[in-house]
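To start, the structure under review is shown below, and the notes come after it.
The values are calculated or read from the model by the stated rules, or taken from the named source; none is laboratory data. Worth saying up front: this structure is predicted, and the values here are computed from it rather than measured. Heads up, the Cβs are rebuilt from the backbone with ideal geometry, glycines too, and the neighbour counts pull from every protein chain shown. Surface accessibility is based on the protein's heavy atoms, side chains included, excluding ligands, DNA and RNA. Shrake-Rupley method; radii C 1.70, N 1.55, O 1.52, S 1.80 Å.
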Amino acid sequence: MNRLDHRDPLVFDTHELGRRPGSMRTVERTLQAPEGLGIVDVIGVPVGSEMALELRLESVVEGVLVTGTAEAQVTGECVRCLEPVEDDLDVEFQELFYYPETDERGRSRKPSSEDEASEEDEEETYRLEGDFFDLEPVLRDAVVLALPLQPVCQEDCLGLCSECGARLSDDPDHHHDAVDPRWAALQGLSATPGDEARGRAADRRSGTENSDTREGLAENQEK
């Protein structure tokens, strides 16, 4: 039973191609990008954005050989300064979709519980479902492999200041004066040695004046 939805833009019908080896036809299709075409939280094709496909379908003994290109725009975030990143993506891919009743050598397969393909083989092999094939897993693999793992807004991006978060590419001379941690305890003291000495002298003069005043008051009281 065919489980693929022919209304899905990434599902293609090979009925018109036929099964005669050497038959070929081309298909062009513009569609909205599905989910999952990218690296999560890093960079990828935005869901619903326009994507252009050009495919060449060739009938071979084992199945249908699909060769194509995909063009789309990708968006992401610079890993150094967190600024938005946009770029045009153009990827190529090729995959063979086997006829459901044949094996990898083009021989007829006889369903048997003792001779079923292993799970590993099934994961590596794409098959037609009736006359239809689903391009999405092939397209997803091609796009993800073509994307940079660490996108940057420009090759010489300087990143962000570790102290304040400023974008260094906007101000290459940006810096902070480094303070020796051994002197950090003295940062709150604004008085200089000269100011401190003058302060002590003023205190002594004030003390002397206060003493003279008290002595004068005492003499007046005695009189």
Which chymotrypsin sites (Phe, Trp or Tyr not before Pro) in segment 1-106 pass both tests, a DSSP loop state and at most 12 other beta-carbon atoms within 10 Å? none
Relative contact order computed over segment 7-53 (Cα-Cα under 8 Å; 6+ residues apart), in percent: 34 percent
Keeping all protein chains in place and using 1.4 angstrom, which order do Leu4, Leu53 fall into by accessible surface area, from largest down? Leu4, Leu53
If R0 = 30 Å, then Asp8 and Ile39, at their Cβ-Cβ distance, give a FRET efficiency to the nearest 0.05 of 0.80
Give me the number: length gained by fully extending Val47 to Arg25, i.e. 0.36 nm times residue separation minus the C-alpha to C-alpha distance, one decimal in nm. 5.1 nm
Where in segment 1-97 are there trypsin sites (Lys or Arg not before Pro) that are in a DSSP coil and have at most 12 other Cβ atoms within 10 angstrom of their Cβ? Arg3, Arg7
Which GluC sites (Glu not before Pro) does segment 1-59 hold that lie in a coil by DSSP with at most 14 other beta carbons within 10 Å? Glu16, Glu35
Between Gln94 and Asp156, what FRET efficiency follows from the Cβ-Cβ distance if R0 is 30 Å, with the result rounded to 0.05? 0.25
Please report the Cα spread of segment 1-61 along all three principal axes, rounded to whole Å, starting with the longest. 45, 26, 19
